[in-house]
Amino acid sequence: MHMALPLVGAGRLGGSDSVVGRMAMHILQVCSSLAWGGTEMHVPILTRRLHARGHRVGIVAHPSGRILAEARAADLTTYPLPMGRYVSPLTTARLARLLQTQKPDIVHLHLSRDLWQTVPAARLSGCPALVLTKHIGSYIRKFDPLHRYLYSRVARIVTVSDVLNRNVRDTCPVPPDRVVTIHHALDMTRYDPNRYDTQAVRGELGIPPQAIVVGVVGRISPGKGVEDFLQAAARVANQTGDHPLLFLIIGAASFGEERYYSDMVALSGSLGLDKRVVFTGFRSDVPAVLSAMDIFVFPSRAEGLGATLIEAMAMRIACVSTFSDGTLDIVAHDRTALTYTPGDVDKLADAVFTLIQNDTLRARLAEAGYRHVREHFDIDRMTDRIEQVYENVIHARTDAAVERA
């Protein structure tokens, strides 16, 4: 475990990276996930931004998970804890001791299943407020007595899209005024197309300079639409004939889903795409790899938001995306992207082929998408709003304590 940062206390922040007038807080971010996707990546990203603003922030994560490794590489404060089970008295007791020792102002969870251990641990330790971010939706209504108890201990629920906001209000026993939407966002300094040498990246990947490159980025996991992308790729390849065209698939299998990745490689072969498709596996340099693409496809059939779609738009790449769930907050058809109904392979193939054939449309969508995400998905704006949620929760608890006294 890294040494804890010095306690900032309850004063006001100063310094060039802080927000003037903000309350300095002690925050624990909690996420037990063993996967590595948008949800998990968000935890160290948010932690770094909060730390840069002068807050004391630590991450509670599973010792075998990628979150902990990434946080340690960034020299963030970490607390390894094998959470993940719904019921584990030993882990709950260990978490309670951690909370009692650290005395955070806010505990921010990123998986609803972590409520099962964090809520009793918070009660045992006398820990203050819990905030929960819902990164994905649920079709299960949670109005039984146990879930009512768990969610009664959550001061605010943050959702990453408007559709998730509605989903939470429909399925969780919380008042609507305790649910707020705050989109995930990007550090735009990393997603600057001018920072990357496109031809050098293409050379590394073995892509000819003149080729049109169509790609996807993300976890290779069921529901992400990789099979739709490959089937559409086969149809587009047949339409374009000998035109130099390559399809990039950037990403690794999720934890426990390695068989699915192998199935996608096999599907590519069965579709005759062996010479057209490049599977790169996991890449830590996503902006650089995106710079090698002419067209980005977001084929996910159900998504809380769609972080990689935002990344591609920030890199001035023309996009084709499903139009449902979280992507409704990001794209508008024929304005910032071409869109299609999830699972409609014919429409996906038509959209990709249209962009291959129409350089003017490709350039227009790339520029419009770039301007849209620069305006609406900036990480400083996201961090401002997260800080405001924390402050509101702390002030509400203070006011309630005064009233009780």
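The values are calculated or read from the model by the stated rules, or taken from the named source; none is laboratory data. In this text the structure is predicted, and so the values were computed from the model without any measurement. Because the Cβ atoms are built from the backbone with ideal geometry, glycine has one as well, and the counts that use them run over all protein chains shown.
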Check: Among the residues of the range 323-346, is any under 18 Å from I212 (Cα atoms) and either under 17 Å from the mean Cα position of the chain (by Cα) or assigned to a helix (DSSP H, G or I) (or both)?
Finding: no
Notebook entry, point to check: Which of the following residues is out of contact with any helix residue (DSSP H, G or I) (no Cβ under 8 Å at 6 or more places or on another chain) and under 22 Å from G203 (Cβ atoms): D285, D274?
Noted result: D285
Next item on the list: Starting from the range 233-246, keep only residues that are within 21 Å of F279 (Cβ to Cβ), then list their pairs with residues that are assigned to a helix (DSSP H, G or I) whose Cβ atoms are within a distance under 6 Å, requiring at least 6 positions of separation or different chains.
Entry: R235/A349; V236/A349; V236/V352; V236/F353
Next item on the list: Using the structure shown, decide if I220 is closer than 30 Å to A129 by Cβ, touching a strand residue (DSSP E or B) at 6+ places or on another chain (Cβ under 6 Å) and either among the acidic types (D, E) or at pLDDT 90 or above (or both).
Entry: no
Next item on the list: Filter the range 283-305 down to residues that are closer than 11 Å to V217 by Cα and β-branched (V, I, T) and give me whichever is nearest to the chain's Cα centre (by Cα).
Entry: V286
Notebook entry, point to check: Here are some residues: V158, V236. Which one is under 30 Å from Y139 (Cα atoms) and among the aliphatic types (A, V, I, L, M)?
Noted result: V158
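So that you can scan it fast, the table gives a plain yes or no per residue for (1) of a type in the set (G, A, S); (2) within 17 Å of L338 (Cα to Cα):
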| residue | (1), (2) |
| --- | --- |
| Y260 | no, no |
| L267 | no, no |
| G281 | yes, no |
| V320 | no, yes |
Note to self: Just the residues that are crowded, with 17+ Cβ neighbours inside 10 Å and of a type in the set (D, E, K, R), please, taken from the range 179-204.
What the structure shows: R202
Note to self: For the range 284-300, give me the residue count where each residue is part of a loop (DSSP other than H, G, I, E, B) and either surrounded by 16 or more Cβ atoms within 10 Å (Cβ to Cβ) or of a type in the set (A, V, I, L, M) (or both).
What the structure shows: 6
Next item on the list: Filter the range 211-242 down to the residues that are of a type in the set (S, T, N, Q), assigned to a helix (DSSP H, G or I) and out of contact with any helix residue (DSSP H, G or I) (no Cβ under 6 Å at 6 or more places or on another chain), then identify the one that is surrounded by the fewest Cβ atoms within 10 Å (Cβ to Cβ).
Entry: N238
Check: Can you name every residue in the range 198-239 that is among the acidic types (D, E) and over 17 Å from S268 (Cβ atoms)?
Finding: E204
Margin query: Taking the conditions exactly as written (outside any helix (DSSP H, G or I) and within 17 Å of the chain's Cα centre (by Cα)), does L164 satisfy them or not?
Written below: no
Next item on the list: Tally the residues that are buried (at least 19 other Cβ atoms within 10 Å of the Cβ) and modelled with pLDDT under 95, restricting the search to the range 85-124.
Entry: 0
Next item on the list: Look at T383 and say whether it is surrounded by 17 or more Cβ atoms within 10 Å (Cβ to Cβ), in a helix (DSSP H, G or I) and modelled with pLDDT under 95.
Entry: no
Notebook entry, point to check: Out of the range 243-281, which residues are within 17 Å of I212 (Cβ to Cβ) and assigned to a strand (DSSP E or B)?
Noted result: L245, L246, F247, L248, I249, I250, V277, V278
Notebook entry, point to check: Residue check: is Y151 of a type in the set (F, W, Y) and under 22 Å from the mean Cα position of the chain (by Cα)?
Noted result: no
Check: Taking into account only those residues within the range 301-322 that are among the charged types (D, E, K, R) and not in a helix (DSSP H, G or I), which is modelled with the highest pLDDT?
Finding: R316
